[in-house]
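Heads up, the thing below is written out as structure tokens.
The values are calculated or read from the model by the stated rules, or taken from the named source; none is laboratory data. Predicted model, so just to flag it, every value in this text is computed and none were measured. Virtual Cβ from ideal backbone geometry, glycine too; neighbours counted across all protein chains shown. All accessible areas refer to the heavy atoms of the entire protein, side chains included, with ligands and DNA or RNA removed. Shrake-Rupley method; radii C 1.70, N 1.55, O 1.52, S 1.80 Å.
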Amino acid sequence: MTTFQAVNSMGSRVAAFGHFLQRHKRALRNLQWLIVLVYAFLLIVPACLPLPDEKAHVFNNLTVVAQFAFWGIWWPFVLVSMPLLGRAWCGWLCPEGMLTEWASERGINKPIPKWIRWGGWPFVAFALTTIYGQLVSVYQYPLAVLLVLGGSTVGAMAIGYLYGREKRIWCRYMCPVNGVFNLLAKLAPWRFKVDEDAWRASHGKKVIPINCAPLVPLRHMQGAGACHMCGRCSGHRDAIELVARSPEEEVVKVEKGDGWQTALIVFGMMGLATGAFLWSSSPWLVALKQDIASWLIDRDIMWPLADNAPWWMLTHYPEVGDSFSWLDGALILAFIAAGAVVVGGGLWLALWLADRALPQRSAGSLNKLALGFIPAAGCGVFLGLTATTITLLKHEGMGTDWVNTVRFGLLALALAWSLRLVWRLSVQRGAGIIRSAAAQLVLAGGLLPFVAAWVYFFVIW
């Protein structure tokens, strides 16, 4: 078989898989309902049970099972699936996506208001959910899981019932992880592609309408960021099929970026999220708390040291000796904000300087350059989430001596990929080797606080 024949054969198999998804959309829907049942069980039942003690393990306690399922496996590896499969999780398995579409099918079909279409929701929803999850210890306690994940699910169903018809309005605009998934899916090696000539040739023929639940404009779709990979549109007008592509195609050739995406990459996924993962291990935070507490006690100011906040505002589980004071809450917020400023601010400054060092600078050129850091940003969130996975594995008695080698190996690969993307974006702007190298050095310097944060987290602290 020649190289051309091999490529053509692979392309045929990829397209055939897209058509397979289209033919079996009912089976996919049934699979999503099964996931909804599992999700609801793991979400609700542990919240009704007593908190586990130190002797509880994954093989004898449902609450630990749910904790491991959500935070040890579910969320870290859903994240990994995005650059591998695109948003297949959203289209094939996500319980919230299924429930919001189901509610929309039975809803009142109001037009989508402008406030829902606001472009800042991906960043704001991610930031608020991340911060709030830390304040209520969402990784540790089932009531907090029910509040954060269950609250998101209720919001998804409410938005679905009110707006659109058979659509996933929540998923497209307001889901807390929509922005992160959108960015990571830009690296996927697959997408549904439109043949414009075939589309035009289909005019005048009888065509069965396609319900694209995440509201992707089918004829003009260019990438995989917004597509849920459900396959419903495969074969539509004999013009749409699943194709393989370079994982760098969308970032380098298609996507232009915007200010909110840049904010999510730089200040959200690389800044704020890093602070959220690191605060619980920081001796600096402990020392600062002790100094402030001493200062307050000397002046007989005691209310910030009280741990009387309700559990839904700050962590409050006195039965297991875990309750946050008002001072704890304030310091957690301050630490996360500091992470956004130091890590995110340092990288943004490097982007600003590099953008000015390169030719063809325009109003959106910095945002385009920031897309190169999607691999590093995604890796950072994955490393933070899997810290919980490793903690749970340690509790089960599994050896973890190999973990830091894998962690820093993944981080090195992600950083190398990001710098490769940035180099390609620099060359695309007409920069020669010297100016591209100068921009590369500046951006590598901007990554130092991000790298240092993970060294402190996994090695020093």
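Here's a check for you: in segment 40-63, which residue that is touching a residue at least 60 places away in the same chain (Cβ under 8 Å) and part of a helix (DSSP H, G or I) is most open to solvent (accessible area, probe 1.4 Å)?
Step by step, filter segment 40-63, then rank; the result is 44.
Among (1) within 33 Å of the chain's Cα centre (by Cα); (2) outside any helix (DSSP H, G or I), there is one condition residue 288 misses while meeting the rest; what is its number?
Residue 288 satisfies all of (1) within 33 Å of the chain's Cα centre (by Cα); (2) outside any helix (DSSP H, G or I) except (2).
Within segment 242-281, take every residue that is open to solvent by 50 Å² or more (accessible area, probe 1.4 Å) and under 14 Å from residue 339 (Cα atoms) and give me the one that is modelled with the highest pLDDT.
Per the stated criteria, the residue is 267.
Of the residues that sit in segment 69-99 and are in contact with a Ser or Thr (Cβ under 8 Å, 6 or more places away or on another chain) and at pLDDT below 95, which one is most open to solvent (accessible area, probe 1.4 Å)?
73
Restricting to segment 108-137, count the residues that are of a type outside the set (A, V, I, L, M) and either open to solvent by less than 10 Å² (accessible area, probe 1.4 Å) or in contact (Cβ under 8 Å) with a residue 60 or more places away in the chain (or both).
Looking only at that region, the number is 9.
State whether one or more residues within segment 1-23 are basic (Lys, Arg), open to solvent by 70 Å² or more (accessible area, probe 1.4 Å) and assigned to a helix (DSSP H, G or I).
Looking for residues that are basic (Lys, Arg), open to solvent by 70 Å² or more (accessible area, probe 1.4 Å) and assigned to a helix (DSSP H, G or I), one finds at least one in segment 1-23, hence yes.
Name every residue in segment 159-172 that is open to solvent by 20 Å² or more (accessible area, probe 1.4 Å), within 13 Å of residue 98 (Cα to Cα) and more than 18 Å from the chain's Cα centre (by Cα), in order of residue number.
161, 166, 167
Any residue that is outside any loop (DSSP other than H, G, I, E, B), crowded, with 24+ Cβ neighbours inside 10 Å, in contact with a helix residue (DSSP H, G or I) (Cβ under 9 Å, 6 or more places away or on another chain) and β-branched (Val, Ile, Thr) - is there at least one of those in segment 190-211?
no
Inspect segment 214-225 for any residue being in contact (Cβ under 8 Å) with a residue 12 or more places away in the chain, assigned to a helix (DSSP H, G or I) and more than 20 Å from residue 89 (Cα to Cα) and give the result as yes or no.
yes
Could you list all residues from segment 304-347 that are crowded, with 19+ Cβ neighbours inside 10 Å, of a type in the set (Val, Ile, Thr) and closer than 16 Å to residue 449 by Cβ?
336, 343
So which residues in segment 296-317 are without any contact (Cβ under 8 Å) to a residue 40 or more places away in the chain, under 15 Å from residue 144 (Cα atoms) and not aliphatic (A, V, I, L, M), if there are any at all?
Scanning segment 296-317 gives 310, 316.
Name the single residue, out of those in segment 348-401 being closer than 30 Å to residue 67 by Cβ and of a type in the set (Asp, Glu), that is surrounded by the fewest Cβ atoms within 10 Å (Cβ to Cβ).
Only one residue tops the list, namely 401.
With the checklist (1) under 26 Å from residue 332 (Cβ atoms); (2) open to solvent by less than 10 Å² (accessible area, probe 1.4 Å) in hand, flag the one item residue 239 doesn't pass.
(1)
Filter segment 405-461 for residues that are farther than 21 Å from residue 186 by Cα, of a type in the set (Ser, Thr, Tyr) and at pLDDT 95 or above and give the result.
Once the filter is applied, which keeps residues that are farther than 21 Å from residue 186 by Cα, of a type in the set (Ser, Thr, Tyr) and at pLDDT 95 or above, segment 405-461 yields 405, 456.
Please report, ordered by residue number, the helices (runs of 4 or more DSSP H) entirely within segment 356-449 with at least 3 residues that are on the phi < 0 side of the Ramachandran plot and of a type in the set (Ser, Thr, Tyr).
Answer list for segment 356-449: 374-395, 403-428.
Is it the case that residue 182 is buried (at least 22 other Cβ atoms within 10 Å of the Cβ) and of a type outside the set (Ser, Thr, Tyr)?
yes
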